[in-house]
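The values are calculated or read from the model by the stated rules, or taken from the named source; none is laboratory data. A quick note: this is a predicted structure, and the numbers were derived from the prediction, not measured. Neighbour counts are summed over all protein chains in view; Cβ atoms, including those assigned to glycine, are modelled from backbone coordinates with ideal geometry. Side chains included, ligands, DNA and RNA excluded: accessible areas come from the protein's heavy atoms. Shrake-Rupley method; radii C 1.70, N 1.55, O 1.52, S 1.80 Å.
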Amino acid sequence: SMRQIFQRLEEMNVCSYDELMESAANDKFNYSFLEGIEEGDASRLEGFLFPDTYEFYVGHNPEDALDRLLRNFVSRMDEDRMAQVEASDYSLREIITIASLIEEETDGTDQANIASVIYNRLEGPGDKQGTYGLLQIDASLLYALPDHTGPITSADMQTDSPYNLYQHAGLPPTPISNPGLASIDAALNPNSTNYYYYALGTDGRHHFSTTLAEHNAFVNSSSYGG
């Protein structure tokens with residue numbers, strides 16, 4: 001996430017966390033994906049700080065440091081990827097938001113299947129249990145609870161936040177992380193499935209289900225990883 005990136009840059013004596021937050025919120029960055037986004041909130045850059053290996057000076061200018069990450073994002077979103085965005089029913093910001101959800105949820109092998117679940121839930125019709133529109137993604141809820149530890153509880157699921165996708169239909173208001181190319185490409189090229197659910201198994205992999213009954217059967221089995 002943006003916060004983690006800024007903490008890392010502070011640890012390496014590049015810029016202070018507060019300087020980076022101030023720059024992210026208020027400095028002018030001339031990129032089309034920021035057009036129409038009001039200044040004053042650092043989260044406007046979430047999703048677009050491309051994860052990669054960078055070299056910075058100690059005491060680097062924070063605006064320039066952030067601009068390097070943003071320029072890298074633009075270069076990675078090449079002509080082919082941008083053509084795919086244009087051909088989709090989603091804006092670039094929405095695609096990156098979907099990719100950020102995939103990034104935080106994937107076991108590292110299943111990005112395209114997770115993408116299929118997200119699109120199936122967004123576009124429905126859903127099943128008789130009312131999945132339509134509710135993504136119910138834990139990682140988004142945890143984004144709203146940055147100091148949270150331990151398993152998510154039923155009380156956590158009542159959190160009043162637009163990032164709580166157990167209560168709010170559709171996508172969160174911003175990306176929840178800065179996705180890499182594998183997640184971005186999955187958001188642009190999801191697998192075609194009938195999956196609406198997934199859960200982590202004891203084998204460290206996600207197991208996908210079409211119906212709530214199938215999902216619950218897996219969750220209640222010895223193969224469920226919690």
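Which of the residues belonging to the stretch 39-77 are over 17 Å from the mean Cα position of the chain (by Cα), in a loop (DSSP other than H, G, I, E, B) and under 23 Å from GLU104 (Cα atoms)?
The answer is ASP41, THR53, TYR54.
Can you pull out the residues in the stretch 183-223 that are in a strand (DSSP E or B), in contact (Cβ under 8 Å) with a residue 40 or more places away in the chain and open to solvent by 30 Å² or more (accessible area, probe 1.4 Å)?
Start the filter on the stretch 183-223 by keeping residues that are in a strand (DSSP E or B), which leaves 197-201, 206-209.
Narrowing further to those that are in contact (Cβ under 8 Å) with a residue 40 or more places away in the chain: 197-198, 200, 206, 208.
Within the stretch 183-223, TYR198, LEU200, HIS206, PHE208 qualify.
Here is a yes/no grid of residues against (1) under 24 Å from LEU45 (Cα atoms); (2) not acidic (Asp, Glu):
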| position | (1), (2) |
| --- | --- |
| ASP138 | yes, no |
| ASP156 | no, no |
| SER161 | yes, yes |
| HIS168 | yes, yes |
| PRO173 | yes, yes |
| ILE184 | yes, yes |
| ALA213 | no, yes |
| ALA217 | no, yes |
| SER221 | no, yes |
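Output the residue which, of all residues in the stretch 88-109 that are among the β-branched types (Val, Ile, Thr) and open to solvent by 20 Å² or more (accessible area, probe 1.4 Å), is farthest from TYR143 (Cα to Cα).
If we take residues in the stretch 88-109 being among the β-branched types (Val, Ile, Thr) and open to solvent by 20 Å² or more (accessible area, probe 1.4 Å), then THR109 is farthest from TYR143 (Cα to Cα).
Any residue at all in the stretch 69-87 that's open to solvent by less than 30 Å² (accessible area, probe 1.4 Å) and either of a type in the set (D, E, K, R) or in contact with a Pro (Cβ under 8 Å, 6 or more places away or on another chain) (or both)?
Within the stretch 69-87 (the criterion being open to solvent by less than 30 Å² (accessible area, probe 1.4 Å) and either of a type in the set (D, E, K, R) or in contact with a Pro (Cβ under 8 Å, 6 or more places away or on another chain) (or both)), the answer is no, since none of the residues qualifies.
Here are the criteria: (1) without any contact (Cβ under 8 Å) to a residue 24 or more places away in the chain; (2) among the charged types (D, E, K, R); (3) in contact with an Asp or Glu (Cβ under 7 Å, 6 or more places away or on another chain). Tell me which single one GLU86 does not satisfy.
(3)
For the stretch 168-182, give me each residue that is more than 18 Å from ASP89 (Cβ to Cβ), in a loop (DSSP other than H, G, I, E, B) and aliphatic (A, V, I, L, M).
ILE176, the sole residue that qualifies.
Can you pull out the residues in the stretch 1-35 that are open to solvent by 80 Å² or more (accessible area, probe 1.4 Å) and outside any helix (DSSP H, G or I)?
Listed by number, the residues that qualify are MET12, ASN13, LYS28, ASN30, GLU35.
Looking only at the stretch 156-170, how many residues end up being among the acidic types (Asp, Glu) and open to solvent by 70 Å² or more (accessible area, probe 1.4 Å)?
Step one: of the stretch 156-170, the residues among the acidic types (Asp, Glu) are 156, 160.
If we keep only those that are open to solvent by 70 Å² or more (accessible area, probe 1.4 Å) as well, we get 160.
So the answer is 1.
Could you run through the stretch 163-178 and say how many residues are of a type outside the set (S, T, N, Q) and under 13 Å from ALA139 (Cα atoms)?
7
Just give me the residues in the stretch 40-53 being under 23 Å from LEU145 (Cα atoms), open to solvent by 40 Å² or more (accessible area, probe 1.4 Å) and without any contact (Cβ under 8 Å) to a residue 60 or more places away in the chain, in sequence order.
Those that are under 23 Å from LEU145 (Cα atoms), open to solvent by 40 Å² or more (accessible area, probe 1.4 Å) and without any contact (Cβ under 8 Å) to a residue 60 or more places away in the chain: GLY40, ASP41.
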